[in-house]
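Trainee: Handing you this structure, nothing more for now.
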Amino acid sequence: MIKNDLFLRALKGESVERPPVWMMRQAGRYLPEFRALRDKYDFFTRCETPELAAEITVQPIRIVKPDAAILFSDILVVPRAMGIHVELKDNLGPIIPDPIRTMEQVNQVFIPNIEETLGYVMDAVKLTKEMLNDEVPLIGFAGSPWTIFCYAVEGKGSKSFDTAKGFCFSNPVAAHTLLQKITDTTILYLKEKVKAGCNAIQIFDSWGGMLSPADYQEFSWKYINQIVEALAEETEVIVFGKGCWFALNDMAKSKASALGVDWTCSPRNARYLTGGNITLQGNFDPSRLLSPIPTIKKMVHEMIDEFGKDKYIVNLGHGILPNIPVDHAKAFVEAVKEYNQ
């Protein structure tokens, strides 16, 4: 049994003495210990070496002490396994030198054997579980099919992903074929992660907010929901769509256990849009961690008051920024642990 199961209890909607807390990208560049390993090993070496991935995953548990760990990996390990060449350069973001722009290219993308292509992730899960020693739960994750599609078609990060959107609208058959392949692969991948020991799964739809509400249903949500449906019997699933407040009502009707909210949607609106029954996660503006520590603690307590302590997981509204002082990250976590004391 996991000693600190607050996170899992909140996901199940149980009443808790205080909400659990973790941070997206908590195993990241704001930690000097993380930077030390980054300077020694390139990005995919860290992802693909179970000992390094496990060590990086556990670093914030030792230092910042959140209520859950999230496996150190990357959403782009999935397209890499599907035969899409991805390069990742620190500070430059992902580059796909040969972006997908034709049906012929879509046909070359394959649904891989997960054990052969992504076995290193499962090894990292098992090793991390050993290192965590049942102290806290372990979250596994994947990018949403739409978000993976954005990188595969655009070829790099973008402010608007116009090329990816244009491909959907000008070549919808090819777009849906690729989205379905990514979906099928992601389901297989996440099922293996759960078998290897992950206690919950989060789907990151980082670029969902680029789509109109109608296009979101067609090109993103219907694929995310396939993943939720496939995994809901086996584990708790969190869906986080950045900028996707307009889809919260539909998401709340799914089998997801929790929904992530970014900082542009108030707690009150998030509760209203989701019908008030589903667990919500979020939504502190990551930049706000640059505020003075007393301000951070005051704002965290106000945020918990607004969401309510039950059916709520304290988190940021997106990943922690590299320039956040470690003491400020610790203060964020401590503020939650001090709530109600």
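The values are calculated or read from the model by the stated rules, or taken from the named source; none is laboratory data. Since the structure is predicted, the reported quantities are computational estimates derived from the model, not experimental observations. All Cβ positions, glycine included, derive from the backbone under ideal geometry; neighbour counts span all protein chains shown. Heads up: the accessible areas ignore ligands, DNA and RNA and are worked out on the full protein's heavy atoms, side chains in. Shrake-Rupley method; radii C 1.70, N 1.55, O 1.52, S 1.80 Å.
Trainee: With the cut-off at 19 Å, tell me which of the pairs K129/K193; K222/K311; K193/K311; K126/K181; K12/K309 have Cα atoms farther apart than that.
Mentor: Details: K129/K193 12 Å; K222/K311 25 Å; K193/K311 25 Å; K126/K181 27 Å; K12/K309 14 Å.
Flagged as over cut-off: K222/K311; K193/K311; K126/K181.
Trainee: Contour minus end-to-end for Q105 and E306, with contour as 0.36 nm per residue of separation and end-to-end as the Cα-Cα distance? Kindly include the intermediate steps, with their values, before the conclusion.
Mentor: Details: separation 201, 0.36 × 201 = 72.36 nm, distance 4.81 nm.
Additional length available on full extension: 67.5 nm.
Trainee: A further question on this structure: Measuring with a 1.4 Å probe in the full set of protein chains, what accessible area per residue, in whole Å², belongs to segment 1-54?
Mentor: 46
Trainee: Starting from the alpha-carbon convex hull of segment 204-341, give the projected area averaged over all orientations, in nm².
Mentor: Mean projected area for segment 204-341: 8.6 nm², to one decimal.
Trainee: Then there is this: Once you charge only the Cβ atoms, +1 for Lys and Arg and -1 for Asp and Glu, what is the size of the charge dipole of the chain about its Cα centre, to the nearest 20 debye?
Mentor: Magnitude of the dipole: close to 620 debye.
Trainee: In addition: Using the Kyte-Doolittle scale, find the helices of the chain whose mean hydropathy is at least -0.5 and whose Cα atoms extend 27 Å or more along the helix's long axis, counting only whole DSSP H runs.
Mentor: 172-196
Trainee: To continue, here is another question. Based on alpha-carbon centroids, what's the gap between segment 172-195 and segment 72-114 in Å, whole number please?
Mentor: Centre-to-centre distance over Cα atoms comes out at 13 Å.
Trainee: Can you pull out the chymotrypsin sites (Phe, Trp or Tyr not before Pro) in segment 180-248 that DSSP calls coil and that have at most 16 other Cβ atoms within 10 Å?
Mentor: none
Trainee: Tell me the relative contact order for segment 247-317 as a rounded percent, counting alpha carbon contacts under 8 Å between residues six or more apart.
Mentor: Relative contact order here is 38 percent.
Trainee: Taking every DSSP beta bridge with both residues inside the chain, roughly what % is antiparallel (nearest 5)? Kindly include the intermediate steps, with their values, before the conclusion.
Mentor: Values: 4 of 29 bridges.
That works out to approximately 15 percent antiparallel.
Trainee: Then there's this: Rolling a 1.4 Å sphere over the protein heavy atoms, what is the accessible area per residue of segment 236-341, to the nearest Å²?
Mentor: For segment 236-341, the solvent-accessible area averages 41 Å² per residue.
Trainee: Can you pull the Kirkwood radius for segment 5-338, inverse mean 1/r over Cα pairs, to one decimal in Å?
Mentor: 20.0
Trainee: Step through the residues of segment 233-242 one at a time and calculate ³J(HN,Hα) from phi using the Karplus curve (6.51 cos²θ - 1.76 cosθ + 1.60, θ = phi - 60°), rounding each to whole Hz and writing x for Gly and Pro.
Mentor: With the stated coefficients, segment 233-242 comes to 6, 9, 7, 8, 10, 9, 10, 10, x, 6 Hz.
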